[in-house]
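Heads up: the structure comes next, in structure tokens.
The values are calculated or read from the model by the stated rules, or taken from the named source; none is laboratory data. Just so you know, these numbers come straight off a predicted model, no measurement behind them. Heads up, the Cβs are rebuilt from the backbone with ideal geometry, glycines too, and the neighbour counts pull from every protein chain shown. Areas reflect the complete protein model, heavy atoms only, side chains present, ligands, DNA and RNA absent. Shrake-Rupley method; radii C 1.70, N 1.55, O 1.52, S 1.80 Å.
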Amino acid sequence: MELLTIGAFARASRLSPKALRLYDQLELLRPARVDPGTGYRYYAVGQLRQARLVAWLRRLGMPLAEIRAVCALDPADAAAEIRAYWARVEAETAVRRDLAAFLVDQLTGESRRDHTTMLELRYSAHSDRGQVRPANQDTVYAGRRLLAVADGFGPAGAPASSAAVEALRFLDEGEEIAAGSVLNLLEDAVQGASEAVHDLPEGGQENGTTLTALLWTGSQLALVHIGDSRAYLLRDGELFRITHDHSVVQSLIDEGRLTMEEAASHPQRALLLKALGGGMAPVPDLRLHEARVGDRYLLCSDGLTGVVPDERIKELLACEGAGQLLIDEANAAGGPDNVSCVVADVVLPTRPPVSVG
């Protein structure tokens, strides 16, 4: 077995001798031989591959504990773990990016306020029991400022979704909401919605609801999301999903353990990681979206996305009467669940605000 001194191995692996000594102490990369008299470390040429992998993973920013786990795997499983790690990094970076944008807007918004074109929403809301379920446990709301979809579950699912949306309805009233305070306002409102669900007479650990809502400030939309209902944006002919499902299946996709195709038939696809009620803590996603004239937003329950693929949603969302068309499409695909859609267009001001549907 050909051995290299720690200096030669450090140069070949692009790791410093100091790093190699640290990784030895952490049992991450043990030398092939340690001289019993001098304590000098020697490494095998065959260890270069693992050393280079460690170096690359450190450059990615992966913690040492995770690197140790990756190095113990075969190449295919190691690749899946790296993919999952990077998906988490990108998700966390997106959250920090949105927070940075919000802070910049909050600090500079007053100076830009007079130069911001105030826009309005044209909106419609539709909900249907579907072809299979005995009752509709979804609740939808569309108003001048507030758009919301909630998908209840459990024996008291319908009262749970209704209570959650009702707890947000006050946001649709009163004076214009400043963009700088809207996320705090939404977070407080969601806490109220959570309490309303827990306080239901029919309460129980098995009852709960998703909640996805958009709150309009006149130039921006504030998003609050918890569960697996979704929000989409159709802009310039392209469809963007602007929410991330809080579900077991989505977490497996993020970790690289499931493909999108496998997820569609996974037996745990209905299990949620976050919801209002159901014994889960409501930690919602919150973010701001800059609105443009011509944008079209869709809020929907998983009764739509569970049976209608995104490409078809994109086609139908571009049509007049999109909300009803999407519900018809879900029912034509078997309608196994309640299905609800709120569609809103960003338009130039009209007086009074226009509501359709």
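What's the carbon and sulfur percent of the chain's accessible surface, probe 1.4 angstrom, rounded to a whole number?
Here carbon and sulfur together make up 53 percent of the probe-accessible area.
Report the Cα centroid-to-centroid distance between the range 233-275 and the range 321-337 in angstrom, as an integer.
That distance is 20 Å.
Before I look further, what does the range 153-265 give for accessible area per residue, probe 1.4 Å, in whole square angstrom?
So the range 153-265 comes to 41 Å² accessible per residue, rounded to a whole number.
Let me check I've understood the local charge: for Glu329, count other residues with C-beta under 13 angstrom from its C-beta, Lys and Arg +1, Asp and Glu -1. What total comes out?
Overall, the nearby charge balance is -3.
Tell me the per residue accessible area of the range 1-80 using a 1.4 Å probe; a whole number in Å² is fine.
61
Compute the signed sum of charges (Lys and Arg +1, Asp and Glu -1) over the other residues within less than 13 Å, Cβ to Cβ, of Ala150.
Net of charged neighbours comes to -3.
Could you give the nm distance between label points at Val45 and Glu262, where each point is 7 Å from its Cα heading toward the beta carbon?
Rounded to a tenth, the inter-label distance reads 3.8 nm.
In a shell of Cβ-Cβ distance under 15 Å around Met260, excluding Met260 itself, what net charge do Lys and Arg (+1) and Asp and Glu (-1) give?
Neighbour charge sum, excluding Met260 itself: -3.
Under 8 Å for C-alpha pairs, at least 6 residues apart: give me the relative contact order for the chain, rounded to a whole percent.
Answer for the chain is 20 percent.
Using +1 on the beta carbon of Lys and Arg, -1 on that of Asp and Glu, and nothing else charged, what's the dipole of the chain about the Cα centre, debye to 20?
The calculation lands at about 1880 debye.
So what's the back-of-envelope 222 nm ellipticity for the chain, counting only DSSP H runs of four-plus at -39500 (n - 2.57) apiece and dividing by all residues, rounded to 500?
Mean residue ellipticity at 222 nm (helix-derived): -12000 deg cm²/dmol.
In the chain, if every C-alpha pair distance is counted and binned at 20 Å from zero, what percent goes to each bin?
Binned Cα distances yield the sequence 26, 44, 21, 8, 0.
Compute the length gained on full extension between Ala79 and Arg21: take 0.36 nm times their separation in residues and subtract their Cα-Cα distance, giving the result in nm to one decimal.
Length gained, Ala79 through Arg21: 18.3 nm.
Multiply the residue separation of Ala318 and Arg52 by 0.36 nm, subtract the distance between their alpha-carbon atoms, and state the gained length in nm to one decimal.
Full-extension gain reported as 90.8 nm.
Separation between the Leu64 and Ala94 pseudo-spin-labels, each 7 Å from Cα along Cα→Cβ, expressed in nm?
3.2
Just want the answer: with Cβ charges of +1 for Lys and Arg and -1 for Asp and Glu, which residue in Asn331, Met62, Ala264 is farthest toward the dipole's positive end in the chain?
Met62
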